Amino acid sequence: MDKNQVLTVNGVNSASMTGVKSVDCFTGERIKLTTETGTLTINGQNLKINAFTTGSGNFSCTGNISSLIFGGATKSVLGRLFK
């Protein structure tokens, strides 16, 4: 399986990703995904899944995204981007 993934975050209001295998947990405050390269947890408020296709692995969501955490990472991706 190709392990190249694309994660796109548009401001703090939406995100999309390729290579998603499953949605493991979903609430308005947290979405936990299993991807080809590990787990991704999206934290925020008013989170909604817009699309998820298991065949293609395409995923998108909207809401007020506050952090993206890969696997056991201790610092969010957004936190590392905006030091």
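The values are calculated or read from the model by the stated rules, or taken from the named source; none is laboratory data. Everything quoted here is computed from the prediction, not taken from an experiment. Because the Cβ atoms are built from the backbone with ideal geometry, glycine has one as well, and the counts that use them run over all protein chains shown. Calculation scope for accessible area: heavy atoms of the full protein, side chains included, ligands and nucleic acids excluded. Shrake-Rupley method; radii C 1.70, N 1.55, O 1.52, S 1.80 Å.
Things to note:
- Members of segment 28-59 that are open to solvent by less than 60 Å² (accessible area, probe 1.4 Å), among the polar types (S, T, N, Q) and more than 11 Å from the chain's Cα centre (by Cα): none
- Residues in segment 5-27 that are within 17 Å of Thr62 (Cβ to Cβ), assigned to a loop (DSSP other than H, G, I, E, B) and of a type outside the set (Ser, Thr, Tyr): Gly11, Val12, Asn13.
- Checked against the criterion of being in a loop (DSSP other than H, G, I, E, B) and at pLDDT 95 or above, segment 28-51 has at least one qualifying residue.
- Qualifying positions in segment 8-26 - open to solvent by less than 60 Å² (accessible area, probe 1.4 Å) and on the phi < 0 side of the Ramachandran plot: Thr8, Val9, Ser14, Ala15, Ser16, Met17, Thr18, Val20, Ser22, Val23, Cys25
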